[in-house]
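All remarks here apply to the structure that follows.
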Amino acid sequence: MKHTISILVENHAGVLSRISGLFSRRGFNIDSLAVGRTDDPEISRVTIVADGDEHTVEQLEKQLNKLIDTIKVKTLSHKELLPRELQLIKINANPQQRGEILTVCEIMGAKIVDISANTMTLEISDTPAHLMRFEELIRPYGIKEIVRTGVIAIQKGSDTIKK
Amino acid sequence: MIKAAEAMVKCLENEGVKVVFGYPGAAICPFYDELTHSDIRHVLVRREDNAGHAANGYARISGKPAVCIATSGPGATNLLTAIATAYADSVPLVCITGQVSTDQIGCDVFQEVDITGAAEPFVKNSYLIKDASQLPRIFKEAFYIAGTGRNGPVLIDVPVDIQQTMIDFQYPEKVELRTYKPTVKGNSFQIKKVCEALKISERPLICAGGGVISAKACDELRALAEKTRIPVVSTMMGLGIFPSAHPLYMGMLGMHGVRTANEAVSKCDTMILIGARVGDRAVRSPKFLAETTKIIHIDVDPAEIGKNMHVDIPLVGDCKHILQELTEKLGSAERADWLAELSEVKNTVPKEDETEGYVNPKMFIRKLSAKLSENTICVADVGQNQIWTCNNFQFKGGRFLTSGGMGTMGYSVPAAVGAKFASPDSEVVAICGDGSFQMQMMELATIVQEKIPVKIILMRNNRLGMVRELQTNLYKDNQTAIHIADGNPDFVALAEAYGIRAERVCTMAEAEAAIEHLCSSKEPYLLECNVWRNESTL
């Protein structure tokens, strides 16, 4: 089962390698990892999507909490979760196909961020499931390149990671 | 303004450090230069891992973080095994390594290695100092982190140019870490649950681990056990908490433990693990045990609870506080039947045979421990010698040290040196085999140079005996790579070459006479015992 774990850490050199090292050392598989600073420049927030059963996740939380640089660990339940991922896709597109692609993008909430004689570069930010659907729709044109940020997530409602 | 290297020395002085163990090199020279102006005694070991093991012995006896020092590159990597050994046994160390100059980091220059990266899996925390002004804070934090909560090693890597930088020195009075706050007091609701479980239990059992010693809670544990009449078994790391002869003490449990302890584990209805981490050698089938027994687990490290075994009542906190509280809250009990059942097994002493021309190591250790004074510190190495010592040494109130978690061969002699520095009035005896001795025999030089009167017992069976037994039992006696007779030196002559008095004994009668020499000697002493090659571990 997939779990989304949010971690607040001190924004020090080497913290990310400690966290990722811990996952591999304890035999946990990471699907994605995203990191960036928070409103406090001394604190970074890491979002990890990992596979494992309840016991595994409990162990993982405890081991993450043991790291001296860890401020807070929280596994976000699927019900309270707002997950987002950003994806950039470069596809083949000749001038005749541009209109069609534009329509798909409008419906799916994607943006066209660059264009060349025979390619278009699209940007989409949404849930991982929505990104998958979009990718399938766009695949027939010929995907040249895909980049994704990995999932980040925040809680619904007024709750925050600190509460 | 002072040099950061001088600040490093001042940090150690502020932490009350009296002795450090190390080995110099180019990248740590500024620190060594300043160390000569201090009263701190530097003990020069003969290989860096032994600086770590000596600090390990010193820390465990003094109950405070101990310091070891190495240079960059190979000096630092040699230290790795000692860091991992300390991590596995939760021993508080502050390990200081020199590093190449900050502008050269990442260029693969001479004696450069990413030691904070390499040590990452087995340090409690580590620092690579890039800003010299942060050095005092980092040292303060390192000592605090190493010696609080679940103890462990902390590594500080200091580039050589940082050591030369001038800084304003002021040692911080306290640590400010928003992220690190170990739990001390046990949750009162959980304590209540433990009390209730113990009240209804008919056959409770305490399993005491090394955490009880780290928490300096041996007296508290004994008070609880004696008031509630709950029998006690110990893990290898918990040996020495209870005197061997105590009527409530049932011995060491596990794969290499004694029958009484293992029967107690299988017959108890409630087991209270205290400062023990359910290691595989102690609890072979945790799943089965948890299914048949109610498990209470008390530990300062929440990550240990439920890691290897399902736990019914978890209780996080410092066991010194928790044990005091439990003793207050629990009433006294008798448990005559349960104790009688266990004592019956305990009092059946297995018969040992003597083999002509050899010293029986089990009998020898019993006789040796009977002669040694009460406050003796016994350090066992790894291998058969370790298990012989664990199961036959009669603990009377002294201390027992060994590398329990990592099983690091070559631990005993350097750790004994460290222990002797921490407690100069105690007798310190290292027990090792001919295999493990040869992983550390360079430390005879340290013993002689520092005039440290540790006593060494060398059990020579001309085999790597533990592996030999494994090959006999599991690999159809295909004995391979365990024969060391052809390379073994004359150990007595070797010790004498260092100026250490040594004897070789081949019978129990000779051994008994040698024990007298060992106990009466005020000098370092080595005793080689000729042990039969097929002597069993248990």
> Can you list the residues of segment A:56-78 whose accessible area drops by at least 40 Å² going from the chain on its own to the full set of protein chains, with a 1.4 Å probe?
Replying inline: A:Q59, A:K62, A:K66, A:I68
> For chain B, what does the alpha-carbon gyration tensor say about shape, rounded, prolate or oblate, given a ≥ b ≥ c as the root eigenvalues, a/c under 1.5 as rounded, and a/b over b/c as prolate?
Replying inline: oblate
> Considering only DSSP beta bridges whose two residues both sit in the protein assembly as shown, what percent are antiparallel, to the nearest 5?
Replying inline: 40
> When the solvent-accessible surface of protein heavy atoms is calculated with a 1.4 angstrom probe, in what order do B:M406, A:M120, B:M237 fall, highest first?
Replying inline: B:M406, B:M237, A:M120
> Which of the residue pairs B:K174/B:K396; A:K74/B:K216; A:K162/B:K174 have a Cα-Cα distance greater than 28 Å in the structure shown?
Replying inline: B:K174/B:K396; A:K74/B:K216
>> Can you give me the distance in nm between label points at B:A333 and B:A509, each placed 7 Å from the Cα along the Cα-to-Cβ direction?
In response: 5.2
> Any idea which of B:M8, B:N125, B:G75 is furthest toward the positive side of the dipole for the protein assembly as shown, if Lys and Arg beta-carbons carry +1 and Asp and Glu beta-carbons -1?
Replying inline: B:N125
> Does the protein assembly as shown come out rounded, prolate or oblate, given a ≥ b ≥ c as the square roots of the eigenvalues of its C-alpha gyration tensor, rounded meaning a/c under 1.5 and, failing that, prolate meaning a/b above b/c?
Replying inline: prolate
> Using only helices, what value at 222 nm comes out for chain B when you add -39,500 (n - 2.57) per DSSP H run of length 4 or more and divide by the total residues, to the nearest 500 deg cm²/dmol?
Replying inline: -11500 deg cm²/dmol
> Shape of segment B:12-142 from its Cα gyration tensor (a ≥ b ≥ c, root eigenvalues): rounded if a/c is under 1.5, otherwise prolate when a/b > b/c, or oblate?
Replying inline: rounded
>> I'd like to know which of B:A514, B:H483, B:I431 lies farthest towards the positive end of the charge dipole of segment B:361-530, counting +1 on Cβ of Lys and Arg and -1 on Cβ of Asp and Glu.
In response: B:I431
>> Restricting to Cα pairs below 8 Å that are 6+ residues apart, what does the relative contact order work out to for chain B? Please round to a whole percent.
In response: 13
> Dipole magnitude of chain B about its Cα centre, charges +1 at Lys/Arg Cβ and -1 at Asp/Glu Cβ only, in debye to the nearest 20?
Replying inline: 1340
>> Relative contact order for chain A: what percent, with Cα pairs under 8 Å and sequence separation of 6 or more?
In response: 27
> Roughly how much of B:D299 is accessible, in Å² to the nearest 10, using a 1.4 Å probe?
Replying inline: 20
>> For a quick check of your reading of the filter: which trypsin sites (Lys or Arg not before Pro) in segment B:145-187 sit in a DSSP loop and have no more than 13 other Cβ atoms within 10 Å?
In response: B:K174, B:R178, B:K185
>> Given contacts defined as C-alpha pairs under 8 Å and at least six residues apart, what's the relative contact order of segment B:2-167, whole-number percent?
In response: 28
>> Over 18 Å apart: what share of the alpha carbon pairs of segment A:1-133 falls there, rounded to a whole percent?
In response: 62
> What residues of segment B:153-178 lie in the reach of a label at B:S133, counting those whose backbone N is under 20 Å from a point 7 Å from the Cα along Cα→Cβ?
Replying inline: B:158-177
> So if R0 is 35 Å, what FRET efficiency would A:N65 and B:I200 give, r being the distance between their Cβ atoms, rounded to the nearest 0.05?
Replying inline: 0.60
> Size of the dipole of segment A:48-128 about the Cα centre, Lys and Arg at +1 and Asp and Glu at -1 on the beta carbon, nothing else charged, in debye to 20?
Replying inline: 220
> Just how large is the dipole of the protein assembly as shown about the Cα centre, in debye to the nearest 20, putting +1 at every Lys and Arg Cβ and -1 at every Asp and Glu Cβ?
Replying inline: 1360
> Can you give the translational diffusion coefficient of segment B:5-83 in µm²/s, computed by Stokes-Einstein from the Kirkwood radius over Cα pairs at 37 °C and 0.692 mPa s?
Replying inline: 263
>> Please compute, for peptide B:115-125, the average count of beta-carbon atoms on other protein chains lying within 10 Å of each residue's beta-carbon.
In response: 3
>> On a 1.4 Å probe surface of the protein chains, which of B:E48, B:E344, A:E145 comes out largest in accessible area, and what is the full order?
In response: B:E344, A:E145, B:E48
> Taking R0 as 41 Å, what's the FRET efficiency between B:Q164 and B:T472 from their Cβ-Cβ distance, rounded to 0.05?
Replying inline: 0.10
> Once the other residues with Cβ under 12 Å from the Cβ of B:G279 are scored (Lys, Arg +1; Asp, Glu -1), what is the net sum?
Replying inline: +1
> Got a number for the accessible area of B:M441? Probe 1.4 Å, square angstrom, nearest 10.
Replying inline: 50
>> I want the antiparallel fraction of DSSP beta bridges within segment B:440-538, as a percent rounded to 5.
In response: 10
> Accessible area per residue of segment B:229-311 at 1.4 Å probe, in Å²?
Replying inline: 35
> To the nearest 10 Å², what's B:R277's accessible area with a 1.4 Å probe?
Replying inline: 90
>> For B:D337, A:D159, B:D157, A:D40, give me the order by solvent-accessible area with a 1.4 Å probe, most accessible first, ignoring ligands, DNA and RNA.
In response: B:D337, A:D159, A:D40, B:D157
> Modelled label-to-label distance, B:R41 and A:T119, 7 Å Cα→beta-carbon offset: nm?
Replying inline: 7.1
> For chain B, which longest stretch is free of loop sites, where a loop site is one of the chymotrypsin sites (Phe, Trp or Tyr not before Pro) that DSSP puts outside H, G, I, E and B and that has at most 14 other Cβ atoms within 10 Å?
Replying inline: B:111-474
>> Greater than 30 Å separation of Cα atoms is the criterion. Which listed pairs, B:K320/B:K351; A:K66/B:K64; B:K371/B:K451, meet it?
In response: B:K320/B:K351
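The values are calculated or read from the model by the stated rules, or taken from the named source; none is laboratory data. Quantities reported herein were computed from a predicted structural model and do not represent experimental measurements. For neighbour counting, all protein chains shown are included, and Cβ atoms are generated from backbone atoms with ideal geometry for every residue, glycine included. The area values use the complete protein model at the heavy-atom level, side chains included, leaving out ligands, DNA and RNA. Shrake-Rupley method; radii C 1.70, N 1.55, O 1.52, S 1.80 Å.
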